[in-house]
Amino acid sequence: MVPFAGWNMPVQYTSIMDEHAAVRTAAGIFDISHMGQFIVSGPGALAWLNRMLANNVAKLEVGQGQYSFLLNERGGVIDDLIVYRTAEDAFFLVVNASMIDEDFAWMAKHQPEDVAFANESELWAGMAVQGPESAAAFEKVCPGRALPPRNGIARFAVDGVDMVVCRTGYTGEDGFEFFSPAEQGEAWFEKFITAGAKACGLGARDTLRLEMCYPLNGNDLSPDRTPIEGCFGFFVDLEKGDFIGREVLAKQKAEGPAQKLVALEYTDKGAPPRSHYAVLDAAGNVVSELSSGVLSPSTGKGIGMAYVPAGLAKIGTDFFVDVRGRQFPAKVVKKPFYKPAAPKA
Amino acid sequence: MNVPQNLRYNTSHEWVLVDGDTATVGISDHAQEELTDVVFVELPALGKTVDVGDPTAVVESVKAASDIYAPVSGEVVEVNPAVEADPSLVNTDPYGKGWIFKLKIKDAGQLGDLLDAAGYEEMIG
């Protein structure tokens, strides 16, 4: 068990490799009760969220969700999150555990009068069921209920108690995130285990998300890096009107960012890359450090991400990763490192 | 938990098999179970001289890198290329094919500071 944002969480239940494989080939379940939930509602909710977040909330129909960023005035990332539209004027936000208080304080500071804003993080338990067999597990636990479509959200009552299920995740596999009242969390977790999902810890969560090049706030995202540098422009809408950080992002996009977050993959076997290991260019000069790194359980290759000078960000550019003084050759590769099998029809 | 009687143990979970003036070193069954899936082993250079307690090899799981310390002072006279090629041997056969390096013992007196099987079992109890 390790301390994580005020929670005690297992790095692994049995083995990171086994848990990772379960998610890639069958189904795994992660306790995500530590994550935060905010409710935003009221006539001004949409306009306010569009001013606070980088992606365009207006593109969401009721029942849909999108990945987005909460930025500071410098365009740096305070947090990455998913915002779901639950009604015309109501939204459900899921934010990182370590950022709940900071996110809430930042948003509350900018809250207008025609918006209600509540932190419900203490009220919800959450679990992410992920993997090609996750939908089958859902069918067993909630017979007759339909999962929402990809990125969607659905709310339904079980014995009069409200549940929320979102067709999203952090693994690249088909799957869903299930939120119940906090006191029911353990019982639901057990039900999904019985339905065939293997309990997975923080270790597998990290290897799975890194194979997909999904960023981890605090590693690959920071208040000093913008989503343009992170190459997450797909989740930024510069045309939707003003939002906090927009000016910096627009300038960076027009001029090109000085640095970019690239995916680095070992060209041969080597010691596992890890965050903070030095990254050297082909001439042997230290140009960066890994923001994340791991030996990919799916491919067996060393993989990692690093912010490098934009001129070195092209696919195929040669680098070295320094592990205790030994340098292992690596190349910039196209993201992601791993492509999950197409979901079953 | 497998703790063979014929070995000596370091408090940092290395085992030592003494044969004449040679000490074969690996990590205990308990250690491999705690580390889980070993994915990489970094072997020392042949001929390297180490003092007791020096980090001499590195065993890495998916999540963490762990130093393997020299249980006695000596010279590295042999390393196990098999664990470099297949690190999972450290998990599957920690006292056999999963051995890591051999030292030519410099001071046999240091062996007395190591635990016997009963002492190690008590420690990990």
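Only the coordinates and a few stated rules stand behind these numbers; no lab work does. Just so it is clear, the structure is predicted and the values come from calculations on it, not from any experiment. Positions of Cβ are backbone-derived with ideal geometry, glycine not excepted, and every protein chain shown enters the neighbour counts.
Convex hull of alpha carbon positions in the protein assembly as shown: directionally averaged projected area 24.9 nm².
By count of other Cβ within 10 Å, fewest leading, how are A:Met52, A:Met305, A:Met212, B:Met123 ordered? Each step should come with its number before you reach the end.
Numbers: A:Met52 24, A:Met305 27, A:Met212 18, B:Met123 12.
Fewest-to-most Cβ neighbours within 10 Å comes out as B:Met123, A:Met212, A:Met52, A:Met305.
Its DSSP H runs of at least 4 residues, each contributing -39,500 (n - 2.57), put the calculated 222 nm mean residue ellipticity of chain A at -5500 deg cm²/dmol, to the nearest 500. In summary, the range B:8-111 shows an alpha-carbon radius of gyration equal to 0.96 times the 2.2 N^0.38 Å reference for compact globular proteins.
Counting Lys and Arg as +1 and Asp and Glu as -1, what is the net charge of the other residues whose Cβ lies under 10 Å from the Cβ of B:His13? Spelling it out: positives minus negatives among the neighbours equals -3.
Residue by residue along A:202-208, Cβ atoms of other protein chains within 10 Å of the local Cβ number 2 on average. Could you name the aspartates and glutamates in cross-link range of A:Lys198, using Cα to Cα under 12 Å and dropping any fewer than eight places away on the same chain? In chain and number order, the partners are A:Asp18, A:Glu19, A:Asp31, A:Glu133, A:Glu190. Per-residue ellipticity at 222 nm, computed for chain B from helices alone with -39500 (n - 2.57) per DSSP H run of at least four residues, works out to -4500 deg cm²/dmol.
Potential lengthening of the chain between A:Trp7 and A:Ala342 amounts to 117.1 nm, from the contour at 0.36 nm per residue minus the alpha-carbon distance. Near A:Phe104: Cβ cut-off under 11 Å, other residues only, Lys/Arg at +1 and Asp/Glu at -1. The net charge is -4.
Let me know the mean shielding of B:56-69 by other chains, meaning the per-residue number of their Cβ atoms within 10 Å of its Cβ.
Numbers: counts 0, 0, 3, 0, 5, 8, 16, 13, 4, 5, 0, 1, 0, 0.
Mean shielding count: 4.
Considering only B:Pro55, A:Ala125, A:Val40, the residue lying farthest towards the positive end of the dipole of the protein assembly as shown is A:Val40, judged by Cα position with unit charges set on Cβ. In straight-distance terms, cross-link reach from A:Lys240 covers every one of the lysines whose alpha-carbon lies under 19 Å from its own, apart from those fewer than eight places away in the same chain; here that gives A:Lys59, A:Lys251, A:Lys253. Can you work out the FRET efficiency for the pair B:Asp67 and A:Glu139, with r the C-beta to C-beta distance and R0 = 41 Å, to the nearest 0.05? Efficiency for this residue pair is about 0.30. Computed over neighbours whose Cβ is under 13 Å from that of B:Ser73, the net charge equals -3, Lys and Arg +1, Asp and Glu -1. Counting beta carbons within 10 Å around each of A:Phe92, A:Phe4 and listing the fewest first gives the order A:Phe4, A:Phe92. Bridgeable lysines around B:Lys104 (alpha carbons under 19 Å apart, same-chain partners fewer than 8 residues away excluded): B:Lys48.
Let a ≥ b ≥ c be the square roots of the eigenvalues of the Cα gyration tensor of the range A:199-288; is it rounded (a/c under 1.5), or, if not, prolate (a/b larger than b/c) or oblate? Oblate. In percent, rounded to a whole number, the relative contact order of chain B is 31, using alpha-carbon pairs under 8 Å and six or more apart.
For B:Asp54 and A:Ala90, what does the FRET efficiency come to when R0 = 35 Å and r is the distance between their Cβ atoms, rounded to the nearest 0.05?
On the way: r = 62 Å, r/R0 = 1.77.
The formula returns an efficiency of 0.05 here.
Of B:Ser88, B:Ser66, B:Ser28, the residue with the greatest mean-square motion in the GNM of chain B, using alpha carbon springs below 10 Å, is B:Ser66.
For the peptides B:3-12, A:125-134, A:72-81, residues were scored by their other Cβ atoms within 10 Å and the scores averaged per peptide; the highest-first order is A:125-134, A:72-81, B:3-12. Over 19 Å apart at the Cα level, from the set A:Lys301/A:Lys339; A:Lys109/A:Lys260; A:Lys269/A:Lys331, are A:Lys109/A:Lys260.
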